[in-house]
1. Output the residue which, of all residues in the stretch 272-297 that are surrounded by fewer than 16 Cβ atoms within 10 Å (Cβ to Cβ) and over 17 Å from V116 (Cβ atoms), is modelled with the highest pLDDT.
2. Considering only the stretch 91-105, I want to know if a residue exists there that is closer than 25 Å to A198 by Cβ and of a type in the set (V, I, T).
3. Does P62 satisfy the condition of being more than 30 Å from S242 (Cβ to Cβ) and either modelled with pLDDT of 85 or more or not charged (D, E, K, R) (or both)?
4. Please go through the stretch 207-257 and give me each residue that is free of Cβ contacts under 8 Å to residues at least 12 places away in the same chain and either in contact with a Lys or Arg (Cβ under 9 Å, 6 or more places away or on another chain) or among the aromatic types (F, W, Y) (or both), ordered by number.
5. Which pairs do you get when a residue that is assigned by TED's automatic domain parsing to the domain that holds N241, found in the stretch 192-205, comes within reach of a residue that is polar (S, T, N, Q) and surrounded by fewer than 17 Cβ atoms within 10 Å (Cβ to Cβ), reach meaning Cβ atoms under 9 angstrom, with the pair 6+ apart or on two chains?
6. Out of (1) of a type in the set (A, V, I, L, M, F, W, C); (2) closer than 30 Å to T112 by Cα; (3) surrounded by fewer than 20 Cβ atoms within 10 Å (Cβ to Cβ); (4) in contact with a Ser or Thr (Cβ under 7 Å, 6 or more places away or on another chain), what's the single condition that is false for W246?
7. Of these, F103, F71, F84, which one is part of a loop (DSSP other than H, G, I, E, B), touching a Leu at 6+ places or on another chain (Cβ under 8 Å) and of a type outside the set (K, R)?
8. When residues of the stretch 123-157 are filtered for being surrounded by 19 or more Cβ atoms within 10 Å (Cβ to Cβ) and within 20 Å of the chain's Cα centre (by Cα), how many remain?
Amino acid sequence: MTTTESITTTLEEGPDEVTLNTAAIRARPLRKRRRSKIRTPLAGRIAKWLVLAVVAVVMLVPLYVMIISAFKPQADILQNPLGFSPDSFTLEYLMNAVTSEKFNVIGAYGITLLFVLLVNVFCILLSAPAAYVIARGRRKWHMALLLVFVSGLFIPGQVTLIPVVFVLRMLGLIGTIPGFVLFETALTLPITIFLFTAYLRSVPRDIDEAAALDGAGKIRAFWSCIFPIMKPVVATIVVLNSISVWNDFVNPQVILGPSSGIYTVTTGVYAAVGQYATDYTTVFPTLLLAVTPAIIFFIVMQRYIIGGLVAGATKG
């Protein structure tokens, strides 16, 4: 049906139908023009997918090499690192890594999980109230306090490692679990307080006022009314902190040290490397055992990272 025929038909229906149909007819070419402007050119889409493919290859190739090398003998790892033959596949090296006397993988899992749990608990208990005070504050010193915490994001942890070791040695906490947990907790405070504050600023103040009318103090109002609403951002912090503590190598290697006899999964991999020669049939299976829980945990919890980061921007 042409435009003229459509208008003629609507004239027979009445003035209201004429107005509606004529507006719809005029809007059709505008919608087509808008869609054509939003649509990405073919060259741009091809370039985007090429960049994504290159990034994926760069990230997945080392993971692929690590996985296949955990089931190959030493000669195949050195001669054909990217190749894989079903004839050379064996679980012997992986089982040897699990039952190795030099490095107790199960014990390292337990110690690392303990560190992850303690760091998350202390980090949330310290950061949540501080972020609540900053988010609800209206004075300049509240913003200054936030900037002090956020400035910790721009200081590499390795820079503070030497003074921290000196302080822990003076306190008698070097080479101990409490000393390491305190240091790791301090490293997680800046990003945690920053995300908590951004989220709490999107939470309406009416909740605080309603809790105050019911007779609840500020502390009780926060933990009973405000903190349960923070589940998305808390889940994000737990995921980020857990992966950070699990993959950390320098800090446990320096603060705990080999003399303490306390090994995490990452320091255990380093302990598996020989002084004069490297047995790759020990290193790669141990490395696979170390990173597998972190990869699985990230795949399962990755949706909480994005959800928690954007929750503050879409709430309220």
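The values are calculated or read from the model by the stated rules, or taken from the named source; none is laboratory data. If you're wondering where the values come from, they're calculated on a predicted model, not measured in any experiment. Positions of Cβ are backbone-derived with ideal geometry, glycine not excepted, and every protein chain shown enters the neighbour counts.
1. D279
2. No; the residues of the stretch 91-105 include none that is closer than 25 Å to A198 by Cβ and of a type in the set (V, I, T).
3. When the stated conditions are applied, P62 does not pass them.
4. A212, K218, W223
5. S202/T314
6. For W246, the exception is condition (3).
7. One residue alone meets the criteria, F71.
8. 6
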